[in-house]
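The values are calculated or read from the model by the stated rules, or taken from the named source; none is laboratory data. As the structure is a computational prediction, the values presented were derived from the model and not from experiment. Don't worry about glycine lacking a Cβ; one is built from the backbone with ideal geometry, like all the others, and counts go over all protein chains shown. Surface accessibility is based on the protein's heavy atoms, side chains included, excluding ligands, DNA and RNA. Shrake-Rupley method; radii C 1.70, N 1.55, O 1.52, S 1.80 Å.
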Amino acid sequence: MEKEVHEQYEYARRRLRQKKILYFHFVLFLLGSLFLFIANRFFGLGVNIDNTNQNWCIWVITIWLFIFILHFIKVYITDRFMNKNWEREQIDRLVGLQQKRISQLESKINENTENKI
């Protein structure tokens, strides 16, 4: 029982850490996006020689948003369903399939050796 409690605690701690990092990533995304927008609009970073204003910050923010969405999916969807229990179930299923196939092959070998005798 002690091992199960410890595993549950470790799982909860790991999930909490993932969510904490995700929230930090979100705040960093908001502040960084604001900084990039201000740097582009008000300080003129990214203005070409011919004074045409490039909206490079929109591209950077869009790419960063895409990365944040991937991070969100990993924390709230992928890791939520594909956790240790899921891994154990998949391993047990695959081991069961391998053992079934091995027993089929052994019975086939035994039939062949009996037929030859």
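Computed over protein heavy atoms with a 1.4 Å probe, the carbon and sulfur contribution to the accessible area of segment 1-47 reaches 71%. Apply the a/c threshold of 1.5 to the C-alpha gyration tensor of the chain and tell me whether it is rounded, prolate or oblate. Since a/c reaches 1.5 but b/c is at least a/b, the shape of the chain is classed as oblate. What is the sum of charges, Lys and Arg at +1 and Asp and Glu at -1, for the other residues whose Cβ falls under 14 Å from the Cβ of residue 88? Within the 14 Å Cβ shell, the charges total -2.
Spin-label pair residue 21-residue 103: with each label point 7 Å from Cα along the Cα-Cβ axis, the two points sit 4.2 nm from one another. Using Cα positions and a limit of under 26 Å, work out the lysines in reach of residue 116, with same-chain residues fewer than 8 apart set aside. Straight-line reach from residue 116, under 26 Å: 100, 108.
Solvent-accessible area per residue in the chain equals 87 Å², computed with a 1.4 angstrom probe and all protein chains kept. Dipole orientation for the chain: of the candidates 31, 58, 85, 31 has the Cα lying most toward the positive pole (charges on Cβ; Lys, Arg +1; Asp, Glu -1). Here the calculated FRET efficiency for residue 72 and residue 11, from their Cβ-Cβ distance with R0 = 22 Å, stands at 0.65, rounded to the nearest 0.05. The label-point distance for residue 80 and residue 95, in a model that sets each label 7 Å from Cα toward Cβ, rounds to 2.9 nm. For residue 3, no aspartates and glutamates have a Cα falling under 17 Å of its own Cα, not counting residues fewer than eight places away in the same chain.
Among the helices of the chain, those built from whole DSSP H runs whose Cα atoms reach 18 Å or more along their own axis and whose mean Kyte-Doolittle hydropathy is at least 1.0 are 56-73. Under 20 Å from a label point set 7 Å out along the Cα-to-Cβ vector of residue 59, the amide N atoms of segment 20-35 belong to 32-35.
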